[in-house]
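Okay, structure first, notes after.
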Amino acid sequence: MMGLPLAFTEPLLLIGLVSLPVLWWLLRVMPPRPRRIEFPPTRLLFDIAPREETPSRTPWWLTALRLLAAALVIFAAAGPIWNPQTGAAGSKAPLMIMFDDGWSAASHWDVRVRAADELIANADNDRRAIALVPLSEPNRDITLMPAGAARVALRQLAPKPYSIDRVETLTAIDRFLKATGDCEFAWLSDGVDTGRGEDFVQGLGKTIGDRSLTVFEGGTSSPLALVAAEN
């Protein structure tokens, strides 16, 4: 909007801003003057100064304040979003979040959970369903769930004290895609190849085809090696 990173979930409500000039006119309308009836004894009251005075029209600053309040209400009802996501975030396809949840993911588990929670929040803004797939459970059914249920399921996940075989999960992913159709993928990878990493990457590429896939790398720290003391 006007070069700013601002968007609205209900932009049609901004049409209400057109009504501000009408509101301005209504606020400036003066009430009808009261009917004057001459009553002679009231001459005695002319010299008494009134304690309160009522202005004949609304002050300009009060009118401007009321118009500003009305404009803010319209903007709030339109659902403003600062720095909205673009590109893939505008998709309505479900989001599948795949987890490497073996021993090598334990050292950075909290960071991975926060990253998944952010992905769920972005999907929730676009009203998209979410599927969580821990790659250590190949026999687990992949189901879609709303964002609230996905957050609860995310907190229940924990890293396993053993290596995982990602290849075994490809069958469940393929079965899910045949039933669902379009889908966007996010893989939270621990960056560790347990022996069949290349097979999983190739198999995943064949399974998802031309669907969107985003890989988030991170896991154990880079290994160090000791050499001879004279080196």
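What FRET efficiency comes out for residue 202 versus residue 12 if R0 is 45 angstrom and r is the Cβ-Cβ distance? Round to the nearest 0.05. Show your work: numbers first, answer last.
Details: r = 47 Å, r/R0 = 1.04.
Taking R0 as 45 Å, the efficiency between residue 202 and residue 12 is 0.45.
For the range 87-217, state the average projected area of the convex hull of the C-alpha atoms over all orientations, rounded to one decimal in nm². Working shown, then result.
Numbers: hull surface 28.9 nm².
Quarter of the Cα hull surface area: 7.2 nm².
Using modelled amide H (1.01 Å from N, peptide plane; none on Pro or chain starts), what sits under 5 Å from the amide H of residue 6, excluding residues fewer than 5 places away?
Under 5 Å from the amide H of residue 6 lie the amide H atoms of 83, each far enough along the sequence or on another chain.
Which ³J(HN,Hα) values, rounded to whole Hz and listed in residue order, are derived for the range 95-106 from phi using the Karplus coefficients 6.51, -1.76 and 1.60 in 6.51 cos²θ - 1.76 cosθ + 1.60 with θ = phi - 60°, glycine and proline given as x?
After applying 6.51 cos²θ - 1.76 cosθ + 1.60, I find 10, 9, 10, 9, 10, 7, 10, x, 4, 6, 8, 5 Hz.
Can you give the local net charge around residue 211? Use residues other than it whose beta-carbon is closer than 9 angstrom to its beta-carbon, Lys and Arg +1, Asp and Glu -1. Walk me through the intermediate numbers first.
Numbers: positive: none; negative: 182, 184, 210.
Once all neighbours under 9 Å are counted, the net charge is -3.
Show the residues, 5+ positions off or on another chain, whose built amide H is closer than 5 Å to the amide H of residue 215.
Amide H neighbours of residue 215, under 5 Å, 5+ apart: 187.
Describe numerically, in nm with one decimal, the distance between label points set 7 Å from Cα along Cα→Cβ at residue 210 and at residue 126.
Between residue 210 and residue 126, the label points sit 1.8 nm apart.
How large is ³J(HN,Hα) for each residue in the range 121-132, as worked out from phi by the Karplus curve 6.51 cos²θ - 1.76 cosθ + 1.60 (θ = phi - 60°), to whole Hz, x for Gly and Pro?
Once θ is set to phi - 60°, the couplings for the range 121-132 become 5, 5, 5, 5, 4, 9, 6, 10, 7, 10, 10, 9 Hz.
Rule-based calculations on the coordinates, nothing more; no lab input. Just so it is clear, the model here is predicted, and its values are computed rather than measured. With ideal geometry, Cβ positions are generated from the backbone for all residues, glycine too; neighbour counts draw on all protein chains shown.
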